[in-house]
Ligand SMILES: Nc1ncnc2c1ncn2[C@@H]1O[C@H](COP(=O)(O)OP(=O)(O)OP(=O)(O)O)[C@@H](O)[C@H]1O
Ligand SMILES: [Mg+2]
């Protein structure tokens, strides 16, 4: 049994005062004051590029502040290095987790400070025992002896969190922790956060999912035009209030007013489907997947943890080597296993992990935008003036449509904020005018206003006859955009449902599917 601790008395763990930061001529933060109490979740919000991650990198010591000071536990840490601040108890949980997949949970928790037995050998039993005590203390649902590679993302995240607090972290910064989690995993993280608070740990929570923010946070602060607005009381604030407080005026060309959901399917051409898949399988994950999507149709893919949604997207895009089955794009057969073949046939994929698969960080925005169509722009040799003009026009269009915050077309992609990078990846594949557009969590990490704009662009793209396969863990997004939703479980498509405008029903259905799968597995084990 885990003992329940009384929450620590309210005192500020960290206080940032008068923080200011510029990158070259670009002033990002001005006179920001921000603090976090023990046992509190303080949400930090703002549009893409507002400066949230920058402020937290300043807190960690990854960036130097130009002005102001930082007090941690009552002491001035402004001059301390990143390493020293970690030692004092500031920790940041990154999207790219640093846990070692091939080691056990316990090994990860005690890495480089393993309890030793005689002869300087690692005392594995003691390590396991101590790991269990730690896990119990925070009442986490984790098995200390499990291999990390066998865990779901949310559990790996738990290991990362536990690793930080077992090293004495008193403040945890979570920068968009839910963007890789499914609905079930999210609940796990929220319980984890509750446990941390009870143990007096302070949390900075950065997210673009407003409903979560309202539910989780004790206070909310917003960065707008480089300045801090707040703190606000979440019980007296609505999502609309926050969205209005975050907004910066949009670029020159406004999008057409948000159309009613899915008015586009009138343009659907009868006849050849844009995509036909028959009996697709991969050696490890997918089996017997068949589906068909018409031009102009948006098909949503809903599913559970590891259900194979992203694998299906990758298989269609030719990323996976071991795919069998038949694929046809606009009636023409496509040999699986070749990305260039898939692109040539007219398939585009906006991948889930944009940093690994979507962008070339060291290249300019312009170059990134033009990559999939480079052959259009330059048949051979350097770009001619015509091509350059077209790329510039493309850049302007997406900058305005998606409100991309950047200095100009030649800025390096890696200098953009996370959400703005996502907008570039999205724009890049849209620009290809594909026959089939596969979107894997397209709006993850994108702010609430840009999310609306992206959805509108997806509708508009479908309206032009592009077939869309939409993978999203946000049920509300699936329901908003899809003409039809396919449910995947364990590498198969288990259901197809029509437009069903009810999030509760879809959620219930997914949960039922989860229970059914567990049942089937249990029966398999019993048999
Ligand atoms: N290393 C850097 N060099 C130049 N500019 C940078 C650098 N890091 C951040 N910026 C700029 O600082 C601004 C704030 O970026 P930051 O990443 O803090 O935004 P954010 O609020 O975290 O946005 P998002 O919600 O998209 O993650 C952006 O204009 C970004 O381009
Ligand atoms: Mg950020």
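Readers should treat all values here as calculations from the given coordinates under stated rules, not as data from a laboratory. What you are looking at is a predicted structure, and each value in this text was computed from that prediction instead of being measured. Don't worry about glycine lacking a Cβ; one is built from the backbone with ideal geometry, like all the others, and counts go over all protein chains shown.
Sorting the segments 481-487, 443-449 by their residues' average number of neighbouring beta-carbon atoms within 10 angstrom, most packed first, yields 443-449, 481-487. From helices alone, the chain scores -10500 deg cm²/dmol at 222 nm; the rule is -39500 (n - 2.57) for each run of n ≥ 4 DSSP H residues, then divide by the residue total. Computed packing ranks the peptides 465-476, 132-143 as 465-476, 132-143, most packed first, by mean other Cβ atoms within 10 Å. Exposure proxy ranking for 314, 285, based on other Cβ atoms within 10 angstrom of each Cβ and starting from the fewest, stands as 285, 314.
Residue order for 65, 494, fewest other beta carbons within 10 angstrom first, comes to 494, 65. Set against the 2.2 N^0.38 Å expectation for a compact globular protein, the chain has a Cα radius of gyration ratio of 1.02.
For 15, 54, what's the fewest-to-most ordering of other Cβ within 10 Å of each Cβ? Could the numbers behind the result be given before it?
On the way: 15 16, 54 22.
Listed from fewest to most nearby Cβ atoms, that is 15, 54.
Among 41-52, 288-299, sorting by the average number of other beta carbon atoms lying within 10 angstrom of each residue, highest first, gives 41-52, 288-299. Taking label positions 7 Å along the Cα-Cβ direction at both residue 186 and residue 497, the computed distance is 1.5 nm, reported to one decimal.
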